[in-house]
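Participant: Sharing a structure, written as structure tokens. Questions coming.
The values are calculated or read from the model by the stated rules, or taken from the named source; none is laboratory data. Quantities reported herein were computed from a predicted structural model and do not represent experimental measurements. Note that we place each Cβ from the backbone using ideal geometry, even for glycine, and neighbour counts take in every protein chain shown.
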Amino acid sequence: MSPWCHYATRSPLEIHYSGVMDEEKRITLRLPADLHVWLAAQAKSARRSLNSEIVYRLEVERAAVADTESP
């Protein structure tokens, strides 16, 4: 596997778990094995794909950060 991230643009207005997205980007992500196992278990428990679980957790964290940054 290449150490570089690979990006690919998908078609606009694809349906996403939280609604319609203007654009998606594809990346290659390397994770420690134990983190991958944990995320996969969390995804299975929530009945989500691994990709959806990662996106969900990033969105939750982004919302939490945004809440702490607002005046």
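Participant: Report yes if some residue within the range 12-33 is assigned to a helix (DSSP H, G or I), out of contact with any strand residue (DSSP E or B) (no Cβ under 9 Å at 6 or more places or on another chain) and modelled with pLDDT of 55 or more; otherwise report no.
Facilitator: yes
Participant: While we're on this one: Of everything in the range 37-56, what is among the charged types (D, E, K, R), farther than 16 Å from E24 by Cα and touching a residue at least 12 places away in the same chain (Cβ under 8 Å)? Give them in sequence order.
Facilitator: R48
Participant: Let me ask you something else. Criterion first (among the acidic types (D, E) and at pLDDT 95 or above) does E69 satisfy it?
Facilitator: no
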